[in-house]
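What follows is a single structure, written as structure tokens, with notes after it.
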Amino acid sequence: MYDRDTDVTATGGYHITLDERAQSALARLVAPEIMRGLLASASALRARDRDVFWDYRGRVLGHGPDLSGSKSIDVDRITLRTLLAEAVGEDLQLGRTVASVGTDGRPWVSFVDGTSVSADLVVGADGAHSIVARHLAGDRTNQPVGIIGFSGRTRRGEVGTAEQHRLGTRSSMGIGPRGAAMYVGFLDPVGNAVLDAPELSRSITTGPTYIWGAMFPESDRTAELRDLRGAALQGALVDRFKEHRWAEHTLEVIARADPGSVAAFRFNAASTRAAELAPWDAGCITALGDAVHATPPTAGMGAGAAIQDAADLFAQLDTDKNIPAAVGRYEEQARQRGAQVLTAAMKTVRLILATDGTLGALATAALTPLVAAYRGPGRGRLA
């Protein structure tokens with residue numbers, strides 16, 4: 001296995017949600033001790049308060065489903081990558097960036113350092129900008145959706161008491177006029193650990209933490225934000241939300257974040273149509289995860305889908321030694337799964353973008369107070 005990163009921890013310290021299907025798939029791929037380490041390092045969704053939807057003033061608009069029976073978990077991205085790297089062991093080679101792929105009797109991969117390898121099967125798990133998928137499709141397999149995301153981490157104790165009460169121990173989502181949106185997730189792999197085995201925990205999050213994401217439509221002004229880093233980006237985000245009339249208290253979670261955790265990224269998405277995913281003939285080169293079905297983070301399902309892809313590919317190869325035939329069956333499963341995940345993720349993307357136009361902005365500003373008022377007194381900021 002080859003990875004372009006030189007350090008498995010060289011990634012954003014944000015969280016990944018794995019539902020029961022993703023966990024089951026991962027358990028088929030790694031040793032039991034790796035799964036125990038994961039569960040000891042993960043936060044149980046069933047231990048959270050019920051999710052909430054807010055408007056841009058912090059008023060309650062509605063609630064998400066009851067999570068008391070959920071088997072889903074949240075885990076730090078760095079923690080998951082570390083555990084997976086341990087599962088691979090010495091077969092993982094870091095700092096190997098792919099330059100090109102092709103076939104010459106057998107599939108081969110060349111790296112930017114001038115070296116190359118050949119194999120019976122090449123699998124590209126190289127993300128939304130996949131070189132492997134581009135080779136197979138003859139073009140890129142996804143497009144920007146028109147949203148730039150900004151993310152960071154804030155310890156719960158850093159925000160004021162009122163905001164701690166409003167945000168609670170749950171995930172929440174707020175959408176305002178002109179495409180300004182904010183997601184605030186809650187992660188506590190210590191107090192809400194899935195498996196009570198602290199000696200096995202590898203989590204980089206050591207206490208209740210809000211993992212937040214700010215979203216704005218792509219524009220020249222948003223592009224300027226992408227050039228900023230750390231505290232400068234943090235301050236600019238707060239100012240930008242204020243320009244969009246967000247209540248100041250809703251911005252505490254950004255203003256009091258760890259500046260080193262604040263980063264920007266573009267939302268990319270593949271087609272929501274299964275027939276348009278993996279648009280190539282099955283062979284001895286394939287791809288999985290975002291390389292096939294690049295998914296915005298708005299559904300929290302992208303990583304889980306990639307894990308299920310890997311488990312399905314392994315299962316097909318285990319039962320059929322005809323590699324192209326096994327790959328073909330796997331790719332059909334990946335198409336169907338990818339279409340489902342993308343459809344869910346794009347619902348939120350389209351809702352955010354719908355508020356960016358003049359009519360959408362006016363409707364958002366006018367209707368959200370009515371919805372909040374309909375919910376009755378005492379259910380606003382401190383609900």
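The values are calculated or read from the model by the stated rules, or taken from the named source; none is laboratory data. Bear in mind that the values here come from a model prediction, so they are computed numbers and not experimental data. Counting neighbours? That spans all protein chains shown, and the Cβs are built from the backbone with ideal geometry, glycine included.
For the reader, a short list of remarks on this structure follows.
- Number of the exception - residue 133 against (1) out of contact with any helix residue (DSSP H, G or I) (no Cβ under 9 Å at 6 or more places or on another chain); (2) small (Gly, Ala, Ser); (3) modelled with pLDDT of 95 or more: (1)
- Hey, residue 141 hydroxyl-bearing (Ser, Thr, Tyr), buried (at least 18 other Cβ atoms within 10 Å of the Cβ) and not in a strand (DSSP E or B) or not: yes
- Taking the listed residues 295, 358, 272, the one that is out of contact with any strand residue (DSSP E or B) (no Cβ under 6 Å at 6 or more places or on another chain), surrounded by fewer than 20 Cβ atoms within 10 Å (Cβ to Cβ) and modelled with pLDDT of 95 or more is 272, with no other qualifying.
- Tally, over region 54-78, of residues that are touching a Ser or Thr at 6+ places or on another chain (Cβ under 8 Å) and either of a type in the set (A, V, I, L, M) or modelled with pLDDT of 95 or more (or both): 6
- Those strands (runs of 3 or more DSSP E) of region 1-74 in which 2 or more residues are among the β-branched types (Val, Ile, Thr) occupy 15-18.
- Condition met for residue 233 (hydrophobic (A, V, I, L, M, F, W, C) and assigned to a loop (DSSP other than H, G, I, E, B)): no
- Residues of region 237-265 classified as within 23 Å of the chain's Cα centre (by Cα) and either closer than 21 Å to residue 55 by Cα or assigned to a loop (DSSP other than H, G, I, E, B) (or both), total: 13
- Some residue of region 192-214 being of a type in the set (S, T, N, Q), more than 24 Å from residue 19 (Cα to Cα) and in contact (Cβ under 8 Å) with a residue 40 or more places away in the chain: no
- Scanning region 5-15 for residues that are surrounded by 15 or more Cβ atoms within 10 Å (Cβ to Cβ) and touching a Leu at 6+ places or on another chain (Cβ under 6 Å) yields one hit, 15.
- Residues considered: 238, 262. Of these, the only one that is of a type in the set (A, V, I, L, M, F, W, C), surrounded by 15 or more Cβ atoms within 10 Å (Cβ to Cβ) and in contact with an Asp or Glu (Cβ under 9 Å, 6 or more places away or on another chain) is 238.
- For region 10-19, the criterion of being closer than 30 Å to residue 118 by Cα and either among the basic types (Lys, Arg) or in contact (Cβ under 8 Å) with a residue 12 or more places away in the chain (or both) is satisfied by at least one residue.
- Just so you know, in region 162-194 the residues that are over 21 Å from residue 297 (Cβ atoms) and among the hydrophobic types (A, V, I, L, M, F, W, C) include one that is surrounded by the fewest Cβ atoms within 10 Å (Cβ to Cβ), and it is 162.
- Matching residues in region 80-136 - criterion: being within 30 Å of residue 35 (Cα to Cα) and in a strand (DSSP E or B): 93, 94, 98, 122, 123, 124
- Residue check for residue 102: surrounded by fewer than 18 Cβ atoms within 10 Å (Cβ to Cβ), in contact (Cβ under 8 Å) with a residue 24 or more places away in the chain and not basic (Lys, Arg): yes
- Selection from region 266-303 of residues that are in a loop (DSSP other than H, G, I, E, B) and over 23 Å from residue 100 (Cα atoms): 271, 272, 273, 295, 296, 300, 301
- When residue 230 is tested against (1) closer than 25 Å to residue 352 by Cβ; (2) surrounded by fewer than 17 Cβ atoms within 10 Å (Cβ to Cβ), only condition (1) is not met.
- Unique residue being farther than 30 Å from residue 166 by Cβ, of a type in the set (D, E, K, R) and in contact with a Lys or Arg (Cβ under 8 Å, 6 or more places away or on another chain) when the list is 309, 290: 309
- Among residues of region 302-316 that are farther than 24 Å from residue 268 by Cα and without any contact (Cβ under 8 Å) to a residue 40 or more places away in the chain, those with a beta-carbon under 9 Å from a residue that is of a type in the set (S, T, N, Q) and assigned to a helix (DSSP H, G or I) at least six positions away or on a different chain give the pairs 316/333.
- For region 86-108, a residue qualifies if it is out of contact with any helix residue (DSSP H, G or I) (no Cβ under 8 Å at 6 or more places or on another chain) and closer than 25 Å to residue 11 by Cβ, and the qualifying residues are 88, 89, 90, 91, 93, 94, 95, 96, 97.
- Meets criteria (over 20 Å from the mean Cα position of the chain (by Cα), surrounded by fewer than 14 Cβ atoms within 10 Å (Cβ to Cβ), modelled with pLDDT of 95 or more and within 23 Å of residue 306 (Cβ to Cβ)) for residue 27: no
- Qualifying residue in region 155-172 (condition: part of a strand (DSSP E or B) and among the hydrophobic types (A, V, I, L, M, F, W, C)): no
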